[in-house]
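Below is one structure, written out as structure tokens; comments come after it.
The values are calculated or read from the model by the stated rules, or taken from the named source; none is laboratory data. Everything numeric in this text was worked out from a predicted model, so none of it was measured. All Cβ positions, glycine included, derive from the backbone under ideal geometry; neighbour counts span all protein chains shown. Calculation scope for accessible area: heavy atoms of the full protein, side chains included, ligands and nucleic acids excluded. Shrake-Rupley method; radii C 1.70, N 1.55, O 1.52, S 1.80 Å.
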Amino acid sequence: MGSVPVAVVLGIETSCDETGVGIVADGRLLGAALASSMDEHARFGGVVPEIAARAHLEYLAPCVKAAFAEAQVAPGDIDAIAVTAGPGLATALQTGVAAAKAYALSWDLPLYGVHHAAGHVAADTLEHGPLPERSVALIVSGGHTSLLLLGDLARDPIVHLGDTRDDAAGEAFDKVARILGLPYPGGPAIDRAARDGDPTAIAFPRAMPGSSDFSFSGLKSAVARHVGREGVAAVPDIAASFQEAVVDVLTRKAVAACREHSVTTLVIVGGVAANRRLREVAAERCAAAGITLRVPPPRLCTDNGAMIAAVGDLLAASGATPVGFDLSADPSAPLTRAALV
Ligand code: KG4
Ligand code: ZN
């Protein structure tokens, strides 16, 4: 038996347009609830922070209630609260942080601030168990494209092997979807459109070969130029060719990073990890390189509360010091540790 008793952790995520609540104990997801204001942003072509923040205010308490019901626990069973403190939209983050403080104060519980991207990584542990001693993580979301060298997620600093120089991978999907006249969010729309397309139809550029960093703005411009010349008659082919370029670059660099650092586990997380083609190509290339690939199921790839509870669970188990009620939302928090203080 471990020396630290198992804690039941309530996690809250409100950094963007998803209101997520999850309850985790000992690496296991007991219950979760998710509400989204995505439809309210669609006509603006992107997330409107004030709409997102108001939606969090409306959805949060019902989500907490629903997560309790699914987990079959009561407030008295909770041992700690974890909340996304950044990065994200300022007003959206503040809603979650204020709620987490209120729960921690009224139930007299320790509070942990969590880095959103570390939450994406921890999501995978709910499906595939604890991470090995060393792993490489590829985080691909609307806000992040990072290759990371990980040790103990709760204790060790996070080492950046590569980052995007401009657009994040998800941002590139969203912008290209707009160019193609596809709805927001663009990732799932391109994923769907690409199924009927030929990924070799158009040879879009692969930026920064040989580097661990990423750049997607040149690819986006290449798609825009192609559409300017040829129009959007062949959306499936353009979508498939664009997606292939992104997936090729992401998987190639992730496998190279594993090789370079003699790491045999790659974990791919974040909203873009839900992409069907990325999962396919990553599986092929990891198998060929003798690398164990871990990708959470799609519902745990996109933003959710369970992933934040999962970090809280790791922090509690490692004996991390909780934060005080002076915890504040940090919209541009750098990714150096899983815990934000
Ligand atoms: O992790 P996430 O839910 O939120 C952030 O932390 O940003 O990621 C959202 C991003 C969006 O850009 C969305 O278009 C993209 O993930 N995404 C996808 C897919 N599903 C979501 N991109 C490609 N293929 C998908 N199936
Ligand atoms: Zn996210």
In segment 37-63, which residues are within 16 Å of ligand 2 (Cβ to nearest atom) and either part of a loop (DSSP other than H, G, I, E, B) or open to solvent by less than 40 Å² (accessible area, probe 1.4 Å) (or both)?
37, 41, 46, 47, 52, 56
Of all residues being in a loop (DSSP other than H, G, I, E, B) and in contact with a His (Cβ under 8 Å, 6 or more places away or on another chain) in segment 10-36, which is nearest to ligand 1 (Cβ to nearest atom)? Just the residue, please.
15
Using beta carbons and a limit of 6 Å, which pairs, at least six apart or on different chains, have the first residue in segment 317-341 and outside any loop (DSSP other than H, G, I, E, B) and the second one open to solvent by 60 Å² or more (accessible area, probe 1.4 Å)?
317/4; 323/341
Which numbered condition residue 305 misses (of (1) over 21 Å from residue 89 (Cβ atoms); (2) assigned by TED's automatic domain parsing to the domain that holds residue 31; (3) crowded, with 24+ Cβ neighbours inside 10 Å; (4) not aliphatic (A, V, I, L, M)):
(1)
Quick one: would you say residue 73 is in contact (Cβ under 8 Å) with a residue 60 or more places away in the chain, outside the structural domain of residue 184 (by TED's automatic domain parsing) and closer than 23 Å to residue 320 by Cα?
no
Considering only residues that are out of contact with any Lys or Arg (no Cβ under 6 Å at 6 or more places or on another chain), open to solvent by 20 Å² or more (accessible area, probe 1.4 Å) and more than 13 Å from ligand 2 (Cβ to nearest atom), which ones fall in segment 175-192?
178, 179, 181, 182, 183, 184, 188, 192
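Each row is one residue, and each column tells you yes or no for (1) more than 20 Å from residue 50 (Cβ to Cβ); (2) without any contact (Cβ under 8 Å) to a residue 40 or more places away in the chain; (3) away from ligand 2 (no atom under 12 Å from the Cβ).
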residue	(1), (2), (3)
99	no, no, yes
113	yes, no, yes
119	yes, no, no
130	yes, no, yes
144	yes, no, no
